[in-house]
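Every number here is computed from the coordinates shown, using simple stated rules; none is lab data. Note that the structure is a prediction, hence the values are computed from the model and not measured. When we count neighbours, we look across all protein chains shown, and the Cβ atoms used for this are built from the backbone with ideal geometry, even at glycine.
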Amino acid sequence: MSSPNTVVVGLDGAHFEILEPWIDAGELPNLQRIFESGLTSDLESVLPPVTSPNWKAYSTGKNPGKFGIFWWENIDLDEKRVYYPEDRKHNTIELWEILAQDSPVGVIGVPTTHPPKSINGFVVSGAPDGDNTGYASPPEVEKLLDRKLDYRVMPEHRINPRDSESLSEIYDVIDSRFRAAKLLADEYDLSFLQVTTFYINVLQHFLWRSEDTLKGWKIIDNHIGEFLDDETDVILMSDHGSTKIDTVFHINTWLANNGYLSVNTGISSKLQELGLSRERIGKFVDSVGVGNLARNLAPDRLLNSLPDEQGELKRGQKTNHINWTDTLALASGQGPVYINAPKDSKEYHIIREKLIDELTDIRGPSGTAVAKEVVKGEDIYSGPYLDEAPDLCINQTPGVHIQGGIGRNEIFSNPSDGNWRAENKRNGLFAALGPSFRSGSIDGLSILDLTPTILHLYGNPIPSDMDGCVRKDVFSPESGLANRDIEYTDSYEYITEIARIRNIARDSPL
């Protein structure tokens, strides 16, 4: 494999908390080498600490108010809908587009990159919002990966890490990201390579610190070892961290019980009484080999009314089950809360202050506070999409999982009743080893700082609308990067306009 100047390994959900016991036991020697010989830091994600929007925050150096994606769902109170703004994923300039102006770059597996942009080099889009067709640009990259690796962005089977067949496929998908990176690095003379694995966090969510999760990390560790040489800068980073769940808080049940939210889940309740759930029906249609056909033929109303095993409706299912005119507040999972009142009204400010006080005071069954803090949207977001941002965001106490579905009866549930054993936390992971970086540790590093810092590494000026800062303190004194003046520019705006026109052309029918 030819070595790019810089390799960034994206590790969804990674943090020292889960890795250090295995490193101490000698299970992950290449990670150990990086942590002990290189530079390390906690990496603070944007709120909420979730795959989307944090991968986009990383690649753009901007807060979600500037690209308009606030979780895996946005809540549009004006249009009375819960949706995901797919069209916004590519309207903001990203790190690799800037670097590709000078020399070829490669991007593999980053969430929120589907459909892939066209750049000087290649983009292979990632999970969980990707697809197994149309996943690579240029198209010949997809043909090569299909032919050589039988490459899949998404697993073919329903994800269930407790099932051996599903678990084996997850390992294969994790492994394939790195095999694809090595194959394509030999095909392209790259200056920069980003290879990211999303499914390691799936293992952590479902299995936390288990032997099966360790096996996934060993696959990653083995591949990372092949990037380590004296000439290559290797950066490890994550979009957020992961920690064991102690408390599950069903925020929309709490909102409904306290008069803030009005829902109508009658059909879903009847389906649950009949023993019909998304999981059970999904397993059945998959077992008889008609999964895709059944999903295509089933009425949307039925699909959107199927609860999970606990009777809960999630994400896009929520739109048609909310009594919007009688609702004062509605929440997504893992932090965002929206208030259904005009922002310039007295009612809005009364509701918001009341919610801040009440949410701050909530304690779980063990007495643990649900919220580490409750922050106002304008205190953490800025930009053209501020009016669409959550009005509040709960910074979850570590160990608390805020569930955002509707239809549950209880406000708190036992973690063992659900599928997840671990939840996201705001502290992710950063580590770097190579000729440009110093050793030791630093504090106060934000995910927003990474793109400006990498641009500085490559000698590129920093777009003036980025929120992150160049962190000169990551660099080795011998590299000269710590003393190089930081340059800023507005001249990259044309790339964003080209991307916008390209997306319009791609999405328009012939």
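Quick notes on this structure:
- Estimated vicinal HN-Hα couplings, Hz - region 359-369 in sequence order (Karplus 6.51, -1.76, 1.60; Gly, Pro = x): 5, 5, 7, 5, 10, x, x, 8, x, 6, 5
- Its DSSP H runs of at least 4 residues, each contributing -39,500 (n - 2.57), put the calculated 222 nm mean residue ellipticity of the chain at -10000 deg cm²/dmol, to the nearest 500.
- With contacts taken as Cα pairs under 8 Å at a separation of at least 6 residues, the chain carries a relative contact order of 26 percent.
- Cβ-derived FRET efficiency at R0 51 Å, Ser441 paired with Arg158, nearest 0.05: 0.80
- A straight Cα-to-Cα reach below 17 Å connects Lys244 with the aspartates and glutamates Asp12, Glu17, Glu20, Glu211, Asp212, Asp417, Glu423, residues fewer than 8 places away in its own chain not being considered.
- Theoretical gain in end-to-end length, Lys376 to Glu347 [0.36 nm per residue, Cα-Cα removed]: 8.9 nm
- Nearest 10 degrees, 0 to 90: helix 278-287 Cα axis against the chain principal axis: 60 degrees
- Cα-Cα over 18 Å, subset of Lys89/Lys182; Lys143/Lys215; Lys318/Lys343; Lys89/Lys425; Lys354/Lys376; Lys372/Lys425: Lys89/Lys182; Lys143/Lys215; Lys318/Lys343; Lys89/Lys425
- A full extension of the chain between Thr360 and Ala482 corresponds to an added length of 39.8 nm, given 0.36 nm per residue minus the alpha carbon distance.
- Between helix 493-507 and the chain there is an angle of about 60 degrees, using the helix long axis and the longest principal axis of the Cα atoms.
- Extended-chain gain in nm, criterion 0.36 nm per residue less alpha-carbon gap, Lys143 and Lys80: 18.5 nm
- Matching label, Cα extents along the principal axes in Å computed from the structure shown, candidates (1) 79, 57, 46; (2) 70, 64, 36; (3) 63, 57, 55: (3)
- Counting only residues at least eight positions apart within a chain, or on another chain, the aspartates and glutamates with an alpha carbon under 13 Å from that of Lys62 are Glu94, Asp449, Asp465, Asp467.
- Amide H contacts under 5 Å for Val248, placed H, 5+ residues apart: His401, Ser413
- Helix 164-187 and the longest principal axis of the Cα set of the chain meet at an angle near 30°.
- Rounded to the nearest whole Hz, the Karplus-based 3J(HN,Hα) values (6.51 cos²θ - 1.76 cosθ + 1.60, θ = phi - 60°) of region 41-48 follow the sequence 6, 5, 10, 7, 7, 7, 7, x, with x at glycine and proline.
- Counting DSSP beta bridges with both ends in the chain, the antiparallel % (nearest 5): 55 percent
- Label-to-label distance for Glu27 and Asn414 is 2.6 nm, based on points extended 7 Å past Cα in the beta-carbon direction.
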